1. Under 14 Å from a label point 7 Å along Cα→Cβ of residue 43: give me every residue in the stretch 76-92 with its amide N that close.
2. Mind checking which of 48, 75, 65 is farthest towards the positive end of the stretch 1-78's charge dipole, using Cβ charges of +1 (Lys, Arg) and -1 (Asp, Glu) about the Cα centre?
3. Need the list of lysines near residue 73 for cross-linking: C-alpha distance under 24 angstrom, and skip anything on the same chain fewer than eight residues off.
4. Ordered by packing density, taken as the mean number of other Cβ atoms within 10 Å over each peptide's residues, highest first, how do 108-120, 72-84 rank?
5. Give me the distance between the Cα centres of the stretch 13-67 and the stretch 150-165, rounded to whole Å.
6. Leaving ligands, DNA and RNA out of it, report the carbon-plus-sulfur percent of the accessible area of the stretch 32-155 at a 1.4 Å probe.
7. Run the numbers for residue 3 and residue 90: contour at 0.36 nm per residue of separation, minus the present Cα-Cα distance, in nm.
8. At 25 °C and 0.890 mPa s, grab the translational diffusion coefficient of the stretch 1-121 from Stokes-Einstein with a Kirkwood Rh over Cα pairs, rounded to a whole number in µm² per second.
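The values are calculated or read from the model by the stated rules, or taken from the named source; none is laboratory data. Computed from a predicted structure; not experimentally measured. Using ideal geometry, Cβ is built from the backbone for each residue, glycine included, and neighbour counts are taken over all protein chains shown. Only protein heavy atoms, including side chains, enter the accessible area calculation; ligands, DNA and RNA are left aside. Shrake-Rupley method; radii C 1.70, N 1.55, O 1.52, S 1.80 Å.
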Amino acid sequence: MTFQSKVIKYGDEVSTDLIFPGKYTYMMLTEEQMAEHALETLDPEFGSRDVAGDVIVAGWNWGCGSAREQAVKCIRKKGIKAVIAKSISRIYYRNSINEGLLPIVCPEAVDQMENGDSVEVDVLAGIIHTKNGDFSFPKFPEFVLGILNSGGLIAQVKNEIAGKNA
């Protein structure tokens with residue numbers, strides 16, 4: 001599982017409220033509507049740009065704040081392939097796996113990437129290839145790769161149930 005992407009870079013302490021504004025949390029929005037509001041406070045053009053296939057590269061504590069799942073869903077629905085950060089809050093990290101968004105912690109790589117750079121990620125090998133070198137990150141266990149490859153935990157369970165009923 002290897003992919004090439006373009007970098008969209010942000011800084012430290014990007015909270016779930018900056019990723020998906022709290023004023024929309026209790027509105028009945030589709031995932032497409034959520035995506036329109038992704039990062040609108042931090043990056044007002046993000047929701048209207050074509051970012052499908054890109055990766056978000058961020059500093060320390062990406063996704064800090066509340067446990068709102070919309071903060072993962074909105075960027076995944078925009079087509080973001082992964083979040084590569086110096087650190088990712090614990091709840092955001094697990095929500096990412098549950099929603100099928102690849103969370104990678106690799107501080108050394110973050111320091112070597114800039115907005116607009118091209119990056120290649122080899123998920124199975126645990127390597128990020130940048131113009132400034134290659135950087136390792138911890139490999140994901142097989143069960144986590146299964147969840148990510150299925151598009152998230154709910155999709156994986158649905159696939160397993162469908163397979164048992166076939």
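1. 76-85
2. Toward the positive end, the furthest listed residue is 75.
3. List returned: 6, 9, 23, 81, 86, 139, 158.
4. Details: 108-120: 16.1, 72-84: 23.3.
Ranked by mean Cβ neighbours within 10 Å, highest first: 72-84, 108-120.
5. 27
6. On the way: 2670 of 5420 Å².
With neighbouring chains kept in place, the figure for the stretch 32-155 is 49 percent.
7. Values: separation 87, 0.36 × 87 = 31.32 nm, distance 2.48 nm.
That pair, residue 3 and residue 90, stretches by 28.8 nm at full extension.
8. Working: Rh = 13.9 Å.
Estimated via Stokes-Einstein, D reaches 176 µm²/s.
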